[in-house]
1. Once phi is turned into ³J(HN,Hα) by the Karplus curve 6.51 cos²θ - 1.76 cosθ + 1.60 with θ = phi - 60°, what whole-Hz value does each residue of region A:46-55 show in order, with x for glycine and proline?
2. Return an integer: the convex hull volume of the alpha-carbon atoms of region B:81-124, in Å³ per residue.
3. Which far-off residues, 5 or more places away or on another chain, put their amide H under 5 Å from the one on A:L114, with H placed in the peptide plane?
4. Taking a label point 7 Å out from Cα toward Cβ, give me the nm distances from B:G111 to the same spot in the other copies, shortest first, one decimal.
5. May I ask you to evaluate 6.51 cos²θ - 1.76 cosθ + 1.60, the Karplus curve with θ = phi - 60°, for each residue of region B:140-152 and list the ³J(HN,Hα) values in order in whole Hz, giving x for glycine and proline?
6. Going through region B:1-109, which GluC sites (Glu not before Pro) have at most 14 other Cβ atoms within 10 Å and a DSSP loop state?
7. How shielded is B:90-99 by partner chains, expressed as the average number of their Cβ atoms within 10 Å of its Cβ atoms?
8. How long are the semi-axes of the ellipsoid equivalent to the protein assembly as shown, from square roots of 5 times the Cα gyration tensor eigenvalues, in whole Å, largest first?
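Taken together, the values in this text are just the output of simple stated rules run on the coordinates, not laboratory data. Note that this is a predicted model, so its numbers are computed, not measured. Cβ coordinates were reconstructed from backbone atoms using ideal geometry, including for glycine residues, and neighbour counts include every protein chain displayed.
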Protein chains: 2
Amino acid sequence: MTTYFQDRYPDNYAHCYGCGRLNQNGWRISSSWDPEHPDQAFAVVKPPAELTGGWAGNLWGGVVAAVLDCHSAGTAAASKARELGLSDQDESPRCVTASLAVDYLKPTPVGVPLRLIAQASSIDGRKIWVDARLEAEGEVCATSRALMIQVV
Amino acid sequence: MTTYFQDRYPDNYAHCYGCGRLNQNGWRISSSWDPEHPDQAFAVVKPPAELTGGWAGNLWGGVVAAVLDCHSAGTAAASKARELGLSDQDESPRCVTASLAVDYLKPTPVGVPLRLIAQASSIDGRKIWVDARLEAEGEVCATSRALMIQVV
């Protein structure tokens, strides 16, 4: 059974609009390890089609950053948990974003599922760096690098 | 009379959920020059309180990136317009985000107005770099640097 990274947070950290399981109105982005690439985490999210950017048909760039942030935070937490020797079902550490840098490579369409892929590139104590990308219709639309800080 | 930067886009570029005047459901972030600091642009936005981060009471980090992005894009367009000798009422160029790097300095509270301040640090042809910050309750919660590309 897949345990999503976000299911491993305690209740008081489960309110994120993007990925919190207790946010009833949110998107509940659910990240998990990719069975075919054990160090990579993936998630799929389909933001509401009303979240357009300047041109109708393109996704709001802010949403691109937002979903990369959520998935990267989850990947950081799960990666740190692994480093600590925890199982993939144990409660995991929690991380907050210290920095997020997004490169927008091409417009992201609205109304389609977005595939998020992330991997921790380095862990140094409480600092976890995560590289991620966003794909839509088979094309990479954006990449990101985040520095996540384990706070609990 | 203040003309907001986003009022200077043509209709086909006015659909952004964050700042488009024609997006009926969006937030309509409205950026303008600061009379006291002529090279700085400011805007105020109060995202819906349901957009929490992991902990209830903190704003979703994705929203922080999103509103900085909108305000920086508007500031880039208005700054480029000035460089081109256009008046502050003329239709302005349009810019898209090539990269956005956000540093999260402290949690941003939900349910309060957020003040956005931005300034173009450099313009090189179609490339416009914009530095910005987000303040809540008088404190700087995040800073950003964006590279905006003038596309029209």
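1. So the Karplus estimates, Gly and Pro as x, are 10, x, x, 5, 6, 7, 7, x, x, 8 Hz.
2. Spelled out: Cα convex hull of region B:81-124, divided by residues, is 147 Å³.
3. HN-HN under 5 Å from A:L114: A:V45, A:K46.
4. Going from nearest to farthest copy, the values are 3.7 nm.
5. Once θ is set to phi - 60°, the couplings for region B:140-152 become 7, 9, 7, 10, 8, 9, 10, 9, 9, 10, 6, 9, 9 Hz.
6. Passing both the DSSP loop test and the Cβ count: B:E36, B:E50, B:E91.
7. 3
8. Computed over the protein assembly as shown, the values are 34, 19, 17 Å.
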